[in-house]
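Read through the structure below, which is laid out as structure tokens, and then see the notes.
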Amino acid sequence: MAQDFVNAKIKGDKVVVFLKPSCPYCIVAKDVLSKYDFRPGHLDLVDISGRDDMSSIQDYLQQITGARTVPRVFIGEKCIGGGSDVAELDRNGQLAGMLRQIAALQ
């Protein structure tokens, strides 16, 4: 169930962030991504807190990304890491190029 949920979310050319609203690294990821002008439907912030299958989702994220922690940020169908990783990619100018590559920006 969790596997199907995650796979359905990350499918396609969009940015998907699995997060918990109170997590400081999730806030960093959201803040960085909020600077970009996404095309409608190309940024999906998925709050997993309070879900019955939250633990299973995090277990599956660990299987496919090597980390169980949130945020887990996917660009296209590739995980680029968490909040610090997104901030670093933005800081060094790589994030914008990755977002343009999947045509996620206006």
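None of the figures in this text is laboratory data; all of them are computed from the coordinates on show. Keep in mind the model is a prediction, meaning the values are calculated, not measured. Here Cβ is always computed from backbone atoms with ideal geometry, including for glycine, and neighbour counts include all displayed protein chains.
Tabulated data
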quantity: 5 angstrom amide H check on residue 38, placed H, neighbours 5+ away; calculated: 106
quantity: Sequence-separation-based contact order of the stretch 2-101, relative, with Cα cut under 8 Å and 6+ spacing, percent; calculated: 36 percent
quantity: Label-point separation in nm, residue 31 to residue 101, each point 7 Å along Cα→Cβ; calculated: 2.6 nm
quantity: CD proxy at 222 nm, helix term only [per DSSP H run n ≥ 4: -39500 (n - 2.57); per residue of the chain; nearest 500]; calculated: -13000 deg cm²/dmol
quantity: Sum of side-chain charges, residue 103 neighbourhood, beta-carbon under 9 Å (Lys, Arg +1; Asp, Glu -1); calculated: +1
quantity: Percent antiparallel among DSSP beta bridges (both partners in the stretch 2-101, rounded to 5); calculated: 60 percent
quantity: Simple label model, 7 Å out from Cα along Cβ direction - residue 7 to residue 91, nm; calculated: 3.7 nm
